[in-house]
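Notes follow once the structure below has been shown.
The values are calculated or read from the model by the stated rules, or taken from the named source; none is laboratory data. Quick caveat: nothing in here was measured; it's all calculated off a predicted structure. Ideal geometry is used to build each Cβ from the backbone, glycine not excepted, and the neighbour counts take in all protein chains shown. Just the protein is used for accessible areas: all its heavy atoms, side chains included, with ligands, DNA and RNA removed. Shrake-Rupley method; radii C 1.70, N 1.55, O 1.52, S 1.80 Å.
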Amino acid sequence: MMSQTLFAASSPCQVVLLDCNSKGSNSMLVPRNLMNYGLTRVSKKLKVCRLRAGFWDSIKSGFLNNNTTQVVEPPSTLQEEEEEPLPEEFVLTETTLPDGNIEQIIFSSGGDVDIYDLQALCDKVGWPRRPLPKLAAALRNSYMVAALHSTRKSPVSEENTQKKLIGMARATSDHAFNATIWDVLVDPSYQGQGLGKALIEKLIRALLQRDIGNITLFADSQVVEFYRNLGFEPDPEGIKGMFWYPRH
């Protein structure tokens with residue numbers, strides 16, 4: 001008999017999906033209403049005014065649709081940049097297995113992903129293999145890499161702890177306004193437990209904590225509903241994602 005404990009964390013606010021009119025079956029996803037998150041840190045010495053921005057304006061300026069945001073005049077002297085939050089690591093679930101061992105599912109945003117483990121995970125979900133040097137470069141050049149690891153250990157001994165990669169998502173970014181999420185995958189044997197939802201929510205939350213509010217991603221047609229259930233919407237204000245294809 002198995003028992004499971006869920007470690008809840010505050011959920012992020014909504015993001016938006018942008019459905020692309022392109023060859024293939026991908027959709028592009030982008031952000032909407034993030035009213036509960038401060039997107040601009042304001043100094044008491046700065047003059048502040050109010051602005052209600054449209055979605056397209058938000059892409060250009062970094063502000064969000066239907067959200068009252070604060071526009072800050074640049075200070076006359078340079079201020080020290082605030083340090084970015086440190087990578088997170090915490091336990092999502094803890095389960096006592098029939099053999100008495102304890103399995104924990106651990107979320108981390110510090111980029112601790114082995115490329116061989118990632119390749120094996122891609123094989124499990126049926127993704128085509130990519131060259132390992134390029135896979136390593138993609139991880140290295142990502143703004144953030146979020147991972148789910150399963151660890152199993154005996155309750156009476158800390159030795160021989162087994163750890164394996166069971167989920168991953170990564171984001172690229174301009175480090176200021178925009179981020180795009182890529183390569184969202186969960187081990188098929190762990191699907192249906194809400195881990196994919198938790199992975200995306202916590203990755204978005206980590207990006208928002210860095211004041212990055214315009215968040216996009218691409219989705220195959222069969223998983224659009226999955227992202228819609230997370231608050232994504234297609235074609236905000238009629239905006240379309242566009243892909244370049246060679247003509248010859």
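In a shell of Cβ-Cβ distance under 12 Å around Q191, excluding Q191 itself, what net charge do Lys and Arg (+1) and Asp and Glu (-1) give?
Net charge around Q191: +1.
List the relative contact order of segment 84-142 as a percent without decimals, with contacts defined as Cα pairs under 8 Å and 6+ residues apart.
Relative CO of segment 84-142 lands at 25 percent.
Relative contact order for segment 92-248: what percent, with Cα pairs under 8 Å and sequence separation of 6 or more? Please list the in-between numbers first.
Working: 220 pairs, mean separation 28.9, N = 157.
Averaging sequence separation for qualifying contacts and normalising by length gives 18 percent for segment 92-248.
Which of the three applies to segment 86-157, rounded, prolate or oblate, going by the alpha-carbon gyration tensor with a ≥ b ≥ c and a/c under 1.5 meaning rounded?
Note, shape of segment 86-157 comes out oblate.
Modelled label-to-label distance, R140 and K240, 7 Å Cα→beta-carbon offset: nm?
Reported label-point gap for R140 and K240 is 3.8 nm.
Report the accessible area of Y227, computed with a 1.4 Å probe over the heavy atoms of all protein chains in place, in Å² rounded to the nearest 10.
10 Å²
How much net charge surrounds D123 when only other residues with a Cβ under 13 Å from its Cβ are counted (Lys, Arg +1; Asp, Glu -1)?
Charge balance near D123 sits at +1.
Along the Cα-to-Cβ line of V223, 7 Å from the Cα, sits a label point; which residues in segment 190-212 have backbone N less than 13 Å from it?
Once the point is set 7 Å along Cα→Cβ of V223, 191-192, 195-201 turn out to lie under 13 Å by backbone N, inside segment 190-212.
Please report the carbon-and-sulfur percent of the accessible area for segment 93-214; probe 1.4 Å, protein heavy atoms only, DNA, RNA and ligands left out.
With neighbouring chains kept in place, the figure for segment 93-214 is 49 percent.
Using only the heavy atoms of the protein chains and a 1.4 Å probe, how would V113, V156 rank by accessible area, largest first?
If we order V113, V156 from most to least accessible, we get V156, V113.
Take the residue pairs K134/K202; K134/K164; K124/K197; K163/K197; K134/K240 and return only those whose Cα atoms are more than 24 Å apart. Kindly include the intermediate steps, with their values, before the conclusion.
Values: K134/K202 26 Å; K134/K164 22 Å; K124/K197 19 Å; K163/K197 21 Å; K134/K240 29 Å.
The answer is K134/K202; K134/K240.
Please arrange F90, F226 by accessible surface area, largest first, computed with a 1.4 Å probe and ligands excluded. If you can, show how the numbers build up before the last one.
Values: F90 55, F226 75 Å².
Most to least solvent-accessible, the answer reads F226, F90.
So which trypsin sites (Lys or Arg not before Pro) in segment 154-248 are both in a DSSP loop and have at most 10 other Cβ atoms within 10 Å of their Cβ?
When the trypsin sites (Lys or Arg not before Pro) of segment 154-248 are filtered for loop state and at most 10 Cβ neighbours within 10 Å, R247 remain.
Roughly how many Å² is the accessible area per residue of segment 129-170, as a whole number, for a 1.4 Å probe?
On a per-residue basis, 57 Å².
Quote the FRET efficiency, to the nearest 0.05, computed for R247 versus K197 with a Förster distance R0 of 30 Å and r equal to the Cβ-Cβ distance.
So the FRET efficiency works out to roughly 0.15.
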